[in-house]
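Accompanying notes for the structure given below.
The values are calculated or read from the model by the stated rules, or taken from the named source; none is laboratory data. As the structure is a prediction and not an experimental result, all values here were calculated from the model. Glycine gets a Cβ as well: all are built from the backbone with ideal geometry, and neighbour counts include every protein chain shown. For the accessible areas, the whole protein counts, side chains as well, though only heavy atoms, and no ligand, DNA or RNA atoms are used. Shrake-Rupley method; radii C 1.70, N 1.55, O 1.52, S 1.80 Å.
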Amino acid sequence: MVVISAHSSSSYCAVPSLNKPYFSHNLRNSIPISISSSPFPPTRTTILCLASPPLAAESPLTAKVGNGLKDFIHIDDFDKDTILKILDRAIEVKTLLKSGDRSFRPFEGKTMSMIFAKPSMRTRVSFETGFSLLGGHAIYLGPDDIQMGKREETRDVARVLSRYNDIIMARVFSHQDILDLAKYATVPVINGLTDYNHPVQIMADALTMIEHIGRFEGTKVVYVGDGNNIVHSWLLLAAVVPFHFVCACPKGFEPDAKTVEKARKAGISKIEISNDPKEAVRGADVVYSDVWASMGQKEEAAYRRQVFKGFQVDQSLMDAAGSKAFFMHCLPAERGVEVTDEVVEASYSIVFPQAENRMHAQNAIMLHVLGK
């Protein structure tokens, strides 16, 4: 119990109602108590303030915000209609921003914590700029600011940040960290990347394909390289939206078998895992590449360069794909390793519009989870 002493004056003292978990949210429900002036000595009024009730129990991963999920963790958490609506919204808001109109500010007065266990230029700048352009304020928390899971438990970080912020974005190593953040946070959590998947990147990729091909449903996307988190997100998208997805990788570097099986069992898309890149790319609408050694795998870089010989995207591989094929890469690219400089700079390369679309796709995702 806290005792507050209020001396007589012409002001009001508010006693918040206790039916909400956050003290700061209760002021609109306050009961005003008038303490008027008096010729007598000041009176001491005691107001009893009970502690706020504890934070709501663990918020389930599937907690609802409006008619959508609270969080954006995996693409296949959403149905096809929702994915397409988010992409339509991305196009709409992108068009508005590109016109120079800055009047649309749905995030006015809102804040976002951005947790970076893994540093990234694109993820930080795209989220921070996008949130700012739509009226919000983003706070960068680098690897040394939190040390989530080391200096402080993930569940505690989630609960504390939920009391400060309206939304949390996290780019982490362990996928369990993003699951725990979503489980314990009471505000939306967006997966900015984990070792398992990268859903915001694939939403940007789908947006880029719509702009350059006219659609992504019914297309053929061929990923050439390591069966990594990018591949997992493509597979999860293929479990929701129909298209032909091929992962061409060396033996022993295939994507997670359970994720492949999940995509195949959905029965929506054609899924292939190949060890022959030249055969795989034939008839592709998109040839997609990524670094062979991701962050945290750099000690394997020399070994991987030997194993991945023959999986470099060069002009001969693009010729095998055919004249309609575009080249995509999530960046950063190691030019001369997984892709040649010639391909990155070619007219069929759309890597820079793809990078720009990170911001626009993420804006639409944030609008969706915040119910805007």
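Listing for the model above:
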quantity	calculated
Counted charge near Asp81, where neighbours are those whose Cβ lies closer than 13 Å (Asp, Glu -1; Lys, Arg +1)	0
Positive-end residue of Ser347, His244, Gln312, charge dipole of the stretch 200-356 with Cβ unit charges	His244
Arg124 - accessible surface, heavy atoms, 1.4 Å probe, Å² rounded to 10	90
Too-long pairs where the Cα-Cα distance tops 26 Å, listed order kept, from Lys94/Lys278; Lys118/Lys278; Lys85/Lys110	Lys94/Lys278; Lys118/Lys278
Space enclosed by the convex hull of the alpha-carbon atoms of the stretch 304-372, per residue, Å³	118
Calculated SAXS-style log₁₀ I(q)/I(0) at q = 0.09, 0.14, 0.20, 0.21 Å⁻¹ - the stretch 200-356, Debye, Cα scatterers	-0.25, -0.62, -1.36, -1.51
Computed over the stretch 122-232, the ratio Rg/Rh where both radii use C-alpha atoms and Rh is Kirkwood	1.02
Estimated inter-spin distance, Arg163 and Leu96, nm [label 7 Å along Cα→Cβ]	3.4
Radius, Kirkwood style, for the stretch 226-317 when every pair of distinct Cα atoms is counted (Å)	13.8
Within the stretch 200-356: Cβ-based charge dipole about Cα centre, in debye rounded to nearest 20 (Lys, Arg +1; Asp, Glu -1)	540
Net dipole in debye of the stretch 122-257 [+1 Lys, Arg Cβ; -1 Asp, Glu Cβ; about Cα centre; nearest 20]	100
